[in-house]
Every structure is written in structure tokens, then in C-alpha cells.
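**Student:** Would you mind keeping the following structure in view while I ask a few things?
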Amino acid sequence: MLSGLLAGLGRPGFWRALRAFAADLSREFTRNRFRRFGQALVLAREWPDGGEWLHAHFIHTPASATRYASLVLGIPWTCSAHCQGHLDLRRLGAPGKACVGALDRDLHRLGFCASA
């Protein structure tokens, strides 16, 4: 992880990623958050030249690390999630269709697209 940090310091996007990490850290001050940033630095160090985008299959920990690496590298990233596997719509107090509509609207507002 130290080699990832040293390599990351030389990249223009490092400071942008560090600001995003600090903002996230203010919401979740945990070892896991530090680990995600470390994983991102290692991923950025090992990412091949010419790689055009990053993708995380899970929206939680892998997506956090991928987002930070994307900022360090200056390339876009995507993620996917399986709604039924990660989100119980009924617990949110809304019928499934209404909740999916709200989730879809929020994802679009953030620049993501949702598909069924």
C-alpha cells in the first residue's frame, strides 16, 4: 500500500481523490474507509497504460475503491448492483415501483443510468 501511495503522489488526480476520501471519511471514519483508499492507490499503480475505464461489479466497497482510483487516474468508472441482492425495497416504506422510480431518478441525477 505504501508503494501505491508513493506512486499516487505523482499523479495529478491524487489530490482530487484525497479530497473525495477526506469528505467520505467525515461521514464514515473507519478502518474500512482507509483500506478502500489504499486499495484504490494500489489499483491506480497497477492499472495498465491505455486502460480506458474502471468497472466495479458491487456498489459498496469495490465501488468506493474504484471511484478513488478513477479520480487518481483521470478515467471514468462504472459500477453495477443487483437491487434485490442489496436493497430490500419494502424496508424503505415505498411500493417497489415507486422506490425503483425514485432510485432511478437519483441515479440519473448523479450521472448514472439504471436498467432493469
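Nothing in this text is a laboratory measurement; each read-out follows from the coordinates by a stated rule. Predicted, not measured: the structure shown is a model, and the values here were computed from it. In this analysis, Cβ positions are derived from the backbone assuming ideal geometry, glycine residues included, and neighbour counts consider all displayed protein chains.
**Student:** How many nm separate the modelled label positions at Phe29 and Arg16, each set 7 Å beyond the Cα in the direction of the Cβ?
**Tutor:** Each label point is offset 7 Å from its Cα along the Cβ direction, giving 2.8 nm.
**Student:** Based on the mean of other Cβ atoms within 10 Å per residue, sort peptides 65-72, 33-40, 20-27, 45-52 so the most packed one is first.
**Tutor:** Answer by packing, highest mean first, reads 65-72, 33-40, 20-27, 45-52.
**Student:** Based on the Cα gyration tensor of region 2-81, what are the three equivalent ellipsoid semi-axes, each the root of five times an eigenvalue, rounded to whole Å and given largest first?
**Tutor:** In descending order the semi-axes read 18, 16, 10 Å.
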